[in-house]
Amino acid sequence: MSRETAPPPGDLCFARKKFDIRTLEDEIAVDQLCSRFLQSFFHHLVETEKTSPAEAARLARGADHFLREFIIPEKRENIFVISCERVRQFAGNWYIVRTLEPNPKELCDILDGIKTFYRFCSQSGKTDFTRYEAIVHHCNQLDYYRKRIDSFWAIEDDGYFSWNAECPLES
């Protein structure tokens with residue numbers, strides 16, 4: 001990836017307001033912009049933090065899954081101003097229901113990517129430190145998410161409704 005395809009995070013093309021979604025056209029544009037911002041995130045990890053390319057790719061892939069599969073198309077929210085509760089909704093419900101074989105290892109990889117991405121956003125002034133801390137708190141609830149996966153596999157009859165009510169997607 002060249003510098004031309006991944007401008008630095010302070011670049012005006014990554015202004016927070018450009019990530020607002022009001023229409024389908026906005027959603028498409030934000031998805032593409034998010035992809036470019038994730039490339040900047042990847043380059044930052046490799047070049048500035050000296051993360052191995054394989055580890056940087058793992059982290060970027062985790063953030064990408066959360067942002068470009070859940071936040072942008074499902075919630076249609078600006079990636080920089082999400083509620084920290086979105087992490088809980090994603091990991092405790094959406095990921096489990098929407099993944100063919102949800103498992104704690106894959107989910108932990110995604111949550112690592114989310115934490116690292118929002119640290120990057122906080123450090124680059126795209127989101128505030130308080131939001132970052134709250135997101136990290138929700139990412140670290142690994143035992144809760146493991147129990148949610150296990151209880152999902154144990155659902156019988158109409159048990160889905162009570163399982164869903166414990167961690168609903170809407171708030």
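From the Cα gyration tensor of region 33-107, with a ≥ b ≥ c the square roots of its eigenvalues, which class applies: rounded if a/c is under 1.5, or else prolate if a/b is larger than b/c, or else oblate?
Oblate, since a/c reaches 1.5 and b/c is not below a/b.
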Could you work out which residue, out of 125, 62, 113, moves most in a Gaussian network model of the chain, that is, has the largest mean-square fluctuation with Cα springs under 10 Å? 125
Hey, can you find the accessible area per residue of the chain for me, probe 1.4 Å, expressed in square angstrom? 52 Å²
Which of 38, 100, 67 ends up with the largest GNM mean-square fluctuation for the chain, with Cα atoms connected below 10 Å? 100
Can you give me the angle between helix 129-139 and the longest principal axis of the chain, using Cα atoms only, in degrees from 0 to 90, rounded to the nearest 10? 40 degrees
List the trypsin sites (Lys or Arg not before Pro) within region 55-109 that DSSP assigns to loop and that have no more than 16 neighbouring Cβ atoms inside 10 Å. 76
Running a GNM on the chain with Cα contacts under 10 Å, which residue among 134, 63, 91 ends up with the highest mean-square fluctuation? 134
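Probe radius 1.4 Å, ligands and nucleic acids ignored: give me the carbon and sulfur share of the accessible area of region 8-128 as a rounded percent.
52 percent
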Which angle between 0 and 90 degrees, to the nearest 10, do you get for helix 142-153 versus the longest principal axis of the chain when only C-alpha atoms count? 50 degrees
Let me have the 222 nm mean residue ellipticity of the chain computed from DSSP H runs of 4+ only, each contributing -39500 (n - 2.57), with the sum over all residues rounded to the nearest 500. -16500 deg cm²/dmol
What distance in nm separates the two pseudo spin-label positions at residue 97 and residue 146, each 7 Å out from Cα along the beta-carbon direction? 2.5 nm
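The values are calculated or read from the model by the stated rules, or taken from the named source; none is laboratory data. For clarity, every value in this text was computed on a predicted model and none was experimentally measured. Ideal geometry is used to build each Cβ from the backbone, glycine not excepted, and the neighbour counts take in all protein chains shown. Side chains are part of the model used for accessible areas, which takes the heavy atoms of the whole protein and leaves out ligands, DNA and RNA. Shrake-Rupley method; radii C 1.70, N 1.55, O 1.52, S 1.80 Å.
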